[in-house]
1. A:C259 is checked against (1) within 23 Å of the chain's Cα centre (by Cα); (2) within 11 Å of chain B (Cβ to nearest Cβ); (3) surrounded by fewer than 21 Cβ atoms within 10 Å (Cβ to Cβ) and fails just one. What number does that condition carry?
2. Read through the list (1) open to solvent by 30 Å² or more (accessible area, probe 1.4 Å); (2) touching a helix residue (DSSP H, G or I) at 6+ places or on another chain (Cβ under 8 Å); (3) among the charged types (D, E, K, R), then give the number of the only condition that A:D116 fails.
3. Since A:S191 meets every condition but one in (1) more than 14 Å from B:L204 (Cα to Cα); (2) of a type outside the set (D, E); (3) within 19 Å of the chain's Cα centre (by Cα), which condition does it not meet?
4. Of all residues in the stretch B:244-256, which are closer than 17 Å to A:S191 by Cβ and more than 7 Å from chain A (Cβ to nearest Cβ)?
5. Any residue in the stretch B:32-54 that is on the phi > 0 side of the Ramachandran plot sitting within a Cβ distance under 9 Å of a residue that is open to solvent by 40 Å² or more (accessible area, probe 1.4 Å) and assigned to a loop (DSSP other than H, G, I, E, B)? List the pairs, counting only those 6 or more apart or interchain.
6. Tell me the residue from A:G111, A:G153, A:G121 that is open to solvent by 10 Å² or more (accessible area, probe 1.4 Å) and more than 10 Å from every other protein chain (Cβ to nearest Cβ), please.
7. Select from the stretch A:76-89 the residues that are touching a helix residue (DSSP H, G or I) at 6+ places or on another chain (Cβ under 8 Å) and more than 20 Å from A:T141 (Cβ to Cβ) and write down the one among them that is least open to solvent (accessible area, probe 1.4 Å).
8. From B:A193, B:A198, which residue is among the small types (G, A, S) and facing chain A (nearest Cβ under 9 Å)?
There are 2 protein chains.
Amino acid sequence: MDLGFIGLGVMGRPMAGHLVAAGHQVFLHTRSGVPADIAEAGGIACSSQREVAEKAEIIFLMVPDTADVERVLFGAGGVAEGLSPGKIVADMSSISPLETKVFAKRVEEFGCSYLDAPVSGGEVGAKAASLTIMVGGPDETFAKVEPLFRLMGKNVTHVGANGDGQTTKVANQIIVALTIEAVSEALVFASKAGADPAKVRQALMGGFASSRILEVHGERMIKRTFDPGFRIELHQKDLNLALQGAKALKVALPNTATCQELFNVCSANGGGASDHSALVKALELMANFEVGQGTG
Amino acid sequence: MDLGFIGLGVMGRPMAGHLVAAGHQVFLHTRSGVPADIAEAGGIACSSQREVAEKAEIIFLMVPDTADVERVLFGAGGVAEGLSPGKIVADMSSISPLETKVFAKRVEEFGCSYLDAPVSGGEVGAKAASLTIMVGGPDETFAKVEPLFRLMGKNVTHVGANGDGQTTKVANQIIVALTIEAVSEALVFASKAGADPAKVRQALMGGFASSRILEVHGERMIKRTFDPGFRIELHQKDLNLALQGAKALKVALPNTATCQELFNVCSANGGGASDHSALVKALELMANFEVGQGTG
């Protein structure tokens, strides 16, 4: 099938690579030029987003933020200029659920259809084709694109209508951030009370406090291994989507707001590029204390 | 072995029952009188806490709060009056980690030793002898009592010195409350954005957002099944231990504090006896909206 892929960064490059490797004709565009390896593997470089949209039936996007998706779709030389009826736009970026609904409607006006399909799993998941993909959009469109999503991810869920994929991603990022914060409060408290945080974590695994975050990020906090992983500055972008969405939707997210402020504390102290488990350092800073440095 | 058990409420009654059923001689005392069934099974009613301490080698406590433990141990006719060297006090109540260290020192002055051994798993776990038991105290004391703990619980961990068991319980309750709050924020956001919260929860299971709380309490929020389980008013008691401890230890627990306020919102609206997953109702109230009542 003739496919398009726009945005070949840390995530998009390996994802597009899986489509090329599966034998599809893939038309590529990225601002910084198409990498040599993916071109050698068979990917076809295009000079504009419009050209990608003209040549491909399904156009995938993987760009940083809401404004980038808007520019790629509707800017000068953008995807919209190359659309014709029957084509599909599949945006795999993580962007605003509310704007996504607007973008989907605008794409439908060209006789095309739209999927929002943000991912989780990071660079590791992108390379291993093991991403979790959360999809919003019409049933028949999902059915057409699903086999291609499965070349890039393992856990592909059709959540509902347009916007619901992005909403699910935001919900995911809220839970992940707030669970990291929960484990941070517990380990800082326990450590300051004189207990061994490693033993406390061990005792809590298997009970109602157990989570992937306690397992993976809790261990990072104890072993002080804060290389990303997933960077705080990216999680700040995602919580910003949550908080902006909350304002627009009229819903209060008090702990998400506090969590964003704690990430700001990390950034202020040079930690923006650390793994998000380094959120614990904000609480440590506020308590003038470090996990493991027991006082008991 | 001659054992004592003080406090035969919802938790203590089945726990003491397991000790009696295992063939131990168990001396019992409770403020409201020893229940007939446990006496018929072989438990021996005593007229005071002192009498229990005089007759038993190991005295278990299971009472509501810090002040109750202090009264039972050191009040008139209390355990301390009946202690003699070599006896062991094992407090299985959930109380202040800081006061626990004081109680342990006072008990040691009688030539006795002390374990703090709070539990999680609730009434169901107490009846099924499947409690998680988090123990603080000396190695040799733990070794003596461990076989008895295993008659009441499945997951028994010796975390460290006196106080560390209670600290671990507080850490557990922080994580559980804050993860319930995290799932609540995510599901209210998703639902208000028009997504189906059941599908969102399904899509998030298996990824980094997955936890026992998302599984069990997330389902309760969606199905609106708020019968306890674990009551909000009990979780408020536990978060109070966390927040009082935080003040004494000089550590900031911002999301624990907010969570306690959200439980207060639940109480204010008649929800104190609901399961702690009903925390979601505080956010729903604030957003004038209910999970599942989509607007998309």
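1. Result: A:C259 passes all but (3).
2. Against the list (1) open to solvent by 30 Å² or more (accessible area, probe 1.4 Å); (2) touching a helix residue (DSSP H, G or I) at 6+ places or on another chain (Cβ under 8 Å); (3) among the charged types (D, E, K, R), A:D116 comes up short only on (1).
3. (3)
4. Correct list: B:K247, B:A248.
5. Note: pairs meeting the criteria are B:G42/B:G23; B:G42/B:H24.
6. A:G111
7. Checking each candidate, the answer is A:G78.
8. The unique qualifying residue is B:A193.
The values are calculated or read from the model by the stated rules, or taken from the named source; none is laboratory data. This structure is a prediction, so every number in the text was calculated from the model and none was measured. In this analysis, Cβ positions are derived from the backbone assuming ideal geometry, glycine residues included, and neighbour counts consider all displayed protein chains. Accessible surface is based on the protein model in full, side chains and every heavy atom, while ligands, DNA and RNA are left aside. Shrake-Rupley method; radii C 1.70, N 1.55, O 1.52, S 1.80 Å.
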